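Take a look at the structure below.
The values are calculated or read from the model by the stated rules, or taken from the named source; none is laboratory data. Please read these numbers as outputs of a predicted model, since none were measured by experiment. FYI the Cβ positions are ideal-geometry reconstructions off the backbone, even for glycines, and counts take in every protein chain you see. All accessible areas refer to the heavy atoms of the entire protein, side chains included, with ligands and DNA or RNA removed. Shrake-Rupley method; radii C 1.70, N 1.55, O 1.52, S 1.80 Å.
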Amino acid sequence: MDNLHQMAPAIIKFARKKGQEPKFPQSLDVLLTVEETKKTELDSIGAVFFLSKYLSTKEVLQRENEKNKDCNVTVPTLIWEGESPMKAEYTIKAENVKFANTNDIVIALGSLIAAYYAFNMKYPCEARNFLSFTEKVLLKLEGGKSSRAINNLLSGLKGL
């Protein structure tokens, strides 16, 4: 998913241009002073978190200790644990079973998409735009038409 690393700076600029500073978890805000060598990784993680908020009405990326304790996760969901997204362990969780542990958000996104295919499930309506964007644009998988939200985002990113 090298495409994420290429697109991340434009996604962050798009978020700022829209007046929607990426809504990072507080722990990620601290990392904005990180040294330049980590900037690409930080941009990629920030872009993923922004896209999940911008394209979804459901919390797609959930922090393990912040998720709704009363909610039984039945659809594959990306859970992260750690002091910050930069130092997190990402896990896919469905039916209260965790699998596909990784420290790489790119691999975690690929695993999340793969889980939907493996379980032969449709994307939930609330997260469909984010998951479709991940599938079509970041993973470059072929498939149906893009939604209006995805097309609008891609148009907005072109000039950046």
Item checked: Qualifying chymotrypsin sites (Phe, Trp or Tyr not before Pro) for the range 80-154 [loop in DSSP, other Cβ within 10 Å: at most 12] -> PHE119
Notebook entry, point to check: Tell me, what ³J(HN,Hα) does each residue in the range 10-18 have, in order and in whole Hz, if you take phi through Karplus 6.51 cos²θ - 1.76 cosθ + 1.60 with θ = phi - 60° and put x for Gly and Pro?
Noted result: 5, 5, 5, 4, 4, 4, 5, 5, 6
Check: Using the per-residue mean of other Cβ atoms lying within 10 Å as a proxy for protection, in what order, highest first, do the peptides 103-112, 145-154 fall?
Finding: 103-112, 145-154
Notebook entry, point to check: Which shape class, rounded, prolate or oblate, goes with the range 79-160 when its Cα gyration tensor gives a ≥ b ≥ c as root eigenvalues, a/c under 1.5 marks rounded, and past that a/b bigger than b/c marks prolate?
Noted result: oblate
Notebook entry, point to check: Pairs LYS122/LYS158; LYS122/LYS145; LYS13/LYS145; LYS18/LYS87; LYS17/LYS140: which exceed 20 Å Cα-Cα?
Noted result: LYS122/LYS158; LYS13/LYS145; LYS18/LYS87; LYS17/LYS140
Next item on the list: Please give the net charge around SER132, taking every other residue with its beta carbon less than 14 angstrom from that of SER132, where Lys and Arg add +1 and Asp and Glu add -1.
Entry: +4
Item checked: Proximal charge balance of GLY143 [Cβ under 13 Å; K/R count +1, D/E count -1] -> +3
Next item on the list: Please list THR77, THR57, THR40 in order of solvent-accessible area, largest first, computed with a 1.4 Å probe with all protein chains present.
Entry: THR57, THR40, THR77
Item checked: Neighbour cut-off at most 16 other Cβ (10 Å), DSSP loop, GluC sites (Glu not before Pro), the range 75-160 -> GLU83, GLU95, GLU142
